[in-house]
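Worksheet for the structure shown next.
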Amino acid sequence: GELDLTKTRPRTNTQGRIYSHHSTRITDAQVNQECFEKIRLLGKGDVGKVFLVREKTSSRLYAMKVLNKKEMIERNKIKRALAEREILATSNHPFIVTLYHSFQLQDSLYLCLEYCMGGEFFRALQTRESKTIDEEDAKFYAAEVTAALEYLHLLGFIYRDLKPENILLHQLGHIMLSDFDLSKQSGSIRNPEIQLNKTHSSSSAHIDTKACIDGFRTNSFVGTEEYIAPEVIKGKGHTSAVDWWTLGIFIFEMLYGTTPFKGKDRKATFGNILKKEVRFVDTKNVSSSCKSLIRKLLIKDEMKRLGSKMGASDIKNHPFFKNTQWALLRNQKPPMIP
Ligand code: ADE
């Protein structure tokens, strides 16, 4: 049948909120590619491209993700595309890119996303004198990613492969998570109170696990393997704890400029992820509370990992975040402005 990824639910229905920063929003029926002027390519994925576009009537900039239907079908990525659109259409969070419109033509699906001017977080880092970040600044970014992951988990989504390319910088310097094509919805319960205590059973993850094995076969993990959690490599089911693992890798990379399990090739990296304990080369004066958090996030056994019991609050209550004012993050001045 006809693939219909275009029924973007109005925001007003999903969250009881209306767009606050997009007052002239037109309904999807009126939106098509004619409304946009292509400016340049922002990035390429395995089934599509992301372009910077300008909406003609408003002159607003957006990131337009164009997904090729034929490629998606051939590469078995329909479920992922649906999952991505579902997540984006459902979420309404300051650190998660907003989906404004979606529509389709015969060959392609179009996702009109919030444009993150700062681009990829780690690429922005490359342009600075020091490629690593001070612990205090790293704490700010770690907190923002934690808040975004907490929100996704509450909605019943697991990001699963948070990777550096998907961590973008908003023009004001805040973190923005994008690219949810490997996430999945972990059950249909949307009630946060229920969801908080719900563990995601591996049986509910079967589609996703298959996707993961397909992913390895088709080499779609190239370049991102350093962030993969042990249970994903093993291809067993997984829980939201998978995202707390990747948070640990992210914090380590910000502080040390490299990932903890990087090997000479993918096989070596995977071996390290499965077996090697994280080690800190300490020329950096990283605090013991920070190292303690990283160690707890990088526990191989997902059942023992920080975040596996009480979810995000396990992480938020760790001494590393003692002075973090979670509710005020979005109003805080970010350490680096793109
Ligand atoms: N690359 C991929 N998605 C993007 C976005 N939303 N903003 C900027 N660059 C991107």
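The values are calculated or read from the model by the stated rules, or taken from the named source; none is laboratory data. Just so it is clear, the model here is predicted, and its values are computed rather than measured. Note that we place each Cβ from the backbone using ideal geometry, even for glycine, and neighbour counts take in every protein chain shown. Note: areas computed on protein heavy atoms with side chains; ligands, DNA, RNA excluded. Shrake-Rupley method; radii C 1.70, N 1.55, O 1.52, S 1.80 Å.
Applying the Karplus relation 6.51 cos²θ - 1.76 cosθ + 1.60 with θ = phi - 60° to region 274-291 yields 3J(HN,Hα) values of 6, 10, 6, 7, 5, 10, 10, 8, 9, 9, 9, 6, 6, 5, 5, 5, 5, 4 Hz, where x marks Gly and Pro.
Listed values for region 249-258 are Karplus-derived 3J(HN,Hα) couplings in whole Hz (6.51 cos²θ - 1.76 cosθ + 1.60, θ = phi - 60°), namely 5, 4, 4, 4, 5, 4, 7, 10, x, 8, and x replaces Gly and Pro. Amide H contacts of ILE96: LEU177, each under 5 Å away and 5 or more positions distant or on a separate chain (H built 1.01 Å from N in the peptide plane; Pro and chain starts excluded).
In terms of overall dimensions, region 113-159 has a Cα radius of gyration and Dmax of 13.3, 39 angstrom.
For the cross-link pairs LYS44/LYS163; LYS163/LYS267; LYS77/LYS264; LYS296/LYS322; LYS131/LYS291; LYS163/LYS234, the ones whose C-alpha atoms lie over 25 Å apart are LYS77/LYS264. The dipole here belongs to region 50-102: it is taken about the Cα centre, uses +1 on the Cβ of Lys and Arg and -1 on the Cβ of Asp and Glu, and is about 160 debye. If you sort ASP161, ASP265 by accessible surface, 1.4 Å probe, largest first, the order is ASP265, ASP161. Taking 25 Å as the straight-line reach from the Cα of LYS38, the lysines in range (excluding those fewer than 8 positions away in the same chain) are LYS7, LYS49, LYS56, LYS65, LYS69, LYS70.
A cut-off of 5 Å between modelled amide H atoms, ignoring neighbours fewer than 5 places along the same chain, links PHE157 with SER186. Per-residue HN-Hα couplings for region 303-317, Karplus 6.51 cos²θ - 1.76 cosθ + 1.60 at θ = phi - 60°, whole Hz, x for Gly and Pro? These are the phi-based 3J(HN,Hα) values: 6, 9, 5, 4, x, 7, 8, 10, x, 4, 5, 4, 6, 5, 8 Hz. Near the amide H of HIS101, within less than 5 Å, lie the amide hydrogens of CYS112, all on another chain or at least 5 residues away, with H placed in the peptide plane.
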